Each structure stands twice: as structure tokens, then as C-alpha cells.
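**Q** Let me give you the structure first, and then I'll get to my questions.
The values are calculated or read from the model by the stated rules, or taken from the named source; none is laboratory data. What you see is a predicted model; the values in this text were computed from it and never measured. A quick note on method: Cβ atoms are made from the backbone with ideal geometry, for glycine too, and the neighbour counts reach across all protein chains shown. For the accessible areas, the whole protein counts, side chains as well, though only heavy atoms, and no ligand, DNA or RNA atoms are used. Shrake-Rupley method; radii C 1.70, N 1.55, O 1.52, S 1.80 Å.
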Amino acid sequence: MRILFTTWSFPGHINPTVALARALAERGHQVAFSTGERARAAIERQGFPLYTFQHLDEESVYATVFSPISRSKMSRATVLKDWMLKTLPDQVKDQQAALADWKADVVVSDVTMWGTPLVLHELTGVPCVICSFAPGCMIPSPDVPPWGLGLPSPRTWWTRLLCRTARLLTEKYVAGFRRAGNEMRARFGLAPLSIPVHEYLAGMPLYLVPSVPELDYNRAGLPPSVHYI
């Protein structure tokens, strides 16, 4: 297959993605990357074709995510929206250009780079695989605490209450992401989502988590698309 990886150029995103790309290349697949200029050395060292961002402002993204000045003036929600949603139109332009040249059979998308899963897979019909960089599944579930909070497994009445409370607060928190995501989808003539973005991503044909179930609450009830690798 011809596979296009779309990912942010942060080292924590690039390194596990490159590991997967190498494994695929060793099995005879053709691999290319769409990412930022900062990742050029890591990608070219492996001999993979590289399509760097031409529309997406990589340095602006770094300033939003890492700059102490930016972070001091913006809430975490604002940082995430500016990073993942406001960049969506430019993500789509860069990924469209890469797809036009590489003609991929499938796109493997960083779990936080939403151009293909939220827009292009519907516009073009190209299959999309979600590849997480984090050692945990971000798909929401009533059986486990929201991802990233480090809460204990809900095995007692107290931890179940804690989990339920955190889940309700998180659902309220991420509602703004779905609204913003739907505004972006509307620009491309796509119908609004009725579920949270990460729940929507679970509907992709394949969702890869670089971990083992034991480090992720031994979660039950995940879609069959989810695989721990």
C-alpha cells in the first residue's frame, strides 16, 4: 500500500509515528509523511518522502503550545482550540496537496491532527487510520475516567462517583470543541457531528494506541477498531 502519515512535528508525536512507519516499510509498504519542517531530519534519516507544511504556520503552532507568554494569556481550552481547530483549514490544504502527489491508499493521522478524519476522509473517500502518540485511549467511555487526568480505576463507590463527576465536567468542557469542529466542517459543506470528536474518531476503520491494555484500566467495551500496539 501507499501510506501517508499526517502528524505534528513535535518529537513526542514524530518518534512513535516513525517507529510505526518503519515497521510498515519493512513489510513492503510505501510510506510518506506530511508534517512540519522541524521534523525534516527525523523523516529524511529514514529515507521517507516528506511533504512539509506550506499553508499551516508551524512556528505559530509551537508558539501557541509552548510559549510561556501565550500560555499565560490563554486558557488550556483556548490553546487546544487554536492548535487543533483553528489550523484545520490549513491542515486540509496541506494534506490535499500531499495526497494529490502521493496518491495514498490510506492516511494514518495523528490523533490530534484532524484534517483528514474530520474533513478529507469524507470529501475524498480515502480511508483514515487514527494513530495516537499517548499511552492511553482517548475515546470516552462511561466505564473509565476521562483520559489524561490520572484518576484511579472506578472500582469502589467513591472512585465511581469521582469518575462520573469528572466525565460530566469533561463533557461540558469538550462541548465547545464539537461546536468549533462543526463550524469548521460546515466550511467544507459537511454535516455537524452529534458526538464528541474523540468518540467520532473511534468510528475510523482503525485506531492504534501505543500501549498495552493493562496501562489503560483494562478497558472493556471499546470499538473493534481499537488496537493496542
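**Q** Springs between alpha-carbon atoms under 10 Å, Gaussian network over the chain: tell me which of 116, 64, 156 tops the mean-square fluctuations.
**A** So, out of 116, 64, 156, the one fluctuating most is 156.
**Q** For the stretch 1-107, which chymotrypsin sites (Phe, Trp or Tyr not before Pro) are in a loop by DSSP, counting at most 12 other Cβ atoms within 10 Å?
**A** Counting only loop positions with at most 12 other Cβ atoms within 10 Å, none of the chymotrypsin sites (Phe, Trp or Tyr not before Pro) in the stretch 1-107 qualifies.
**Q** Follow-up. If you roll a 1.4 Å probe over the chain with all protein chains in place, what percent of the accessible area is carbon or sulfur?
**A** 57 percent
**Q** May I ask you to list the aspartates and glutamates whose Cα is less than 20 Å away from that of residue 172, ignoring any residue fewer than eight positions away on the same chain?
**A** 82, 143, 183, 199
**Q** Counting only helical runs of four or more DSSP H residues, what would the 222 nm mean residue ellipticity of the chain come to if each run contributes -39,500 (n - 2.57) and the total is spread over all its residues?
**A** -13500 deg cm²/dmol
**Q** Students often check this: by mean Cβ neighbours within 10 Å, which of 104-110, 198-204, 186-192 ranks highest, and how do the rest follow?
**A** 104-110, 198-204, 186-192
**Q** Shifting gears a bit: Projecting each Cα onto the charge dipole of the chain (Lys/Arg +1, Asp/Glu -1 at the beta carbon, about the Cα centre), which of 173, 220, 47 comes out farthest on the positive side?
**A** 173
**Q** Still on this structure: Can you list the residues, at least 5 places off or on another chain, whose amide H is less than 5 Å from the amide H of residue 108, using H built in the peptide plane?
**A** For residue 108, the qualifying residues are 4, 5, 6, 129.
**Q** Something else about it: Any idea of the accessible area per residue across the stretch 149-229, 1.4 Å probe, to the nearest Å²?
**A** 62 Å²
**Q** Hey, got the dipole for the chain? About the Cα centre, +1 on K and R Cβ, -1 on D and E Cβ, debye to the nearest 20?
**A** 600 debye
**Q** Using θ = phi - 60° and the Karplus relation 6.51 cos²θ - 1.76 cosθ + 1.60, list the HN-Hα couplings for the stretch 48-65 in order, rounded to whole Hz, with x at every Gly or Pro.
**A** In residue order, the calculated couplings are 8, x, 10, 10, 7, 4, 10, 10, 6, 8, 4, 5, 5, 5, 4, 5, 5, 7 Hz.
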